[in-house]
Amino acid sequence: CFQDDQKDEL
Amino acid sequence: MNIFRLAGDMTHLASVLVLLLKIHTIKSCAGISLKTQELFAIVFASRYLDIFTDFISLYNTLMKLIFLGSSFSIVWYIRRHKLVRRSYDKDQDTFRHYFLLLPCFILALLINEKFTFKEVMWTFSLYLEAVAILPQLVLLQRTKNIDNLTGQYVFLLGAYRGLYILNWIYRYFTEPHYVHWIPWISGLVQTLLYADFFYYYFESWKNNKKLQLPA
């Protein structure tokens, strides 16, 4: 999902 | 994890530690804006709602806990600690931070990647983080003698934002489908807010003089 790769940032 | 992201996280961590250390050891929060600290606590609380539901990595969970813990303990120190409370300059720290909360929340309701509770709160935290430094910058401008630790705190925060932009550029070119307008634009706005501060910070550093912002 294209959104979730950002959620590894703080 | 690339080097820019890691360096960004480490400067962010360092900024928080510098601030906590200052408050804890000299029992003073002179020059620190409680308004900004409260906004940061809200930023982390609304962004890390996924902390117990989505596991990304041990590093990720630990850092989230550190940022939540440190931001709330800084607010606690300034509001509740007997000595620290006395050093808080309430009359200078007058920025109406409540006025930032509502516009950020409305914007998050209108512009988000997905209309769900967690996603709107995540977006809200990004918008709020972009402007959360404003009360601190206003306070710095009013403070005649900015102590070194306060200057370093704001410098480290600004460095963290700059490094995150490099991290996004790096990820854009190395990862497929890595396009995120909301964090990019709010992150860019946030970094630009530091530009003026950086200018005076480097000037004072170059000339070996005490940091002072023009009123």
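The set of residues in segment B:127-173 being away from chain A (no Cβ under 14 Å), touching a Gly at 6+ places or on another chain (Cβ under 7 Å) and of a type in the set (S, T, Y) consists of B:T143, B:T150. Residues in segment B:132-142 that are among the β-branched types (V, I, T) and either surrounded by fewer than 21 Cβ atoms within 10 Å (Cβ to Cβ) or more than 15 Å from the chain's Cα centre (by Cα) (or both): B:V138 only. Among the conditions (1) away from every other protein chain (no Cβ under 14 Å); (2) in contact (Cβ under 8 Å) with a residue 12 or more places away in the chain; (3) of a type in the set (A, V, I, L, M); (4) closer than 29 Å to B:T53 by Cα, the only one that B:L110 does not satisfy is (2).
Every condition in (1) at pLDDT 95 or above; (2) closer than 22 Å to A:D8 by Cβ; (3) surrounded by 15 or more Cβ atoms within 10 Å (Cβ to Cβ) is met by B:K118 except one, and the failing one is (1). Screening B:I56 on (1) over 26 Å from B:D89 (Cβ atoms); (2) assigned to a helix (DSSP H, G or I) shows it passes everything except condition (2). Note on segment B:23-45: residues that are under 17 Å from B:G69 (Cβ atoms), buried (at least 17 other Cβ atoms within 10 Å of the Cβ) and over 12 Å from the mean Cα position of the chain (by Cα) total 1.
For first residues located in segment B:35-58 and within 11 Å of chain A (Cβ to nearest Cβ), partners that are part of a helix (DSSP H, G or I) and exposed (fewer than 15 other Cβ atoms within 10 Å of the Cβ) and lie 6+ apart or on another chain with Cβ distances below 7 Å form the pairs B:I56/A:D8.
Taking the options B:F124, B:F105, B:F115, name whichever one is part of a loop (DSSP other than H, G, I, E, B) and either in contact (Cβ under 8 Å) with a residue 24 or more places away in the chain or farther than 17 Å from B:V75 by Cα (or both). Give the steps one after another, and end with the answer.
Numbers: B:F124 fails: part of a loop (DSSP other than H, G, I, E, B); B:F105 fails: part of a loop (DSSP other than H, G, I, E, B).
Just a single option satisfies the conditions, and that option is B:F115.
Do the conditions hold for B:T11, that is, is it hydroxyl-bearing (S, T, Y) and either within 14 Å of chain A (Cβ to nearest Cβ) or without any contact (Cβ under 8 Å) to a residue 40 or more places away in the chain (or both)? Answer is yes for this residue.
The values are calculated or read from the model by the stated rules, or taken from the named source; none is laboratory data. Keep in mind it's a predicted model, so treat the numbers as computed, not measured. All Cβ positions, even for glycine, are placed from backbone atoms using ideal geometry, and neighbour counts span all protein chains on display.
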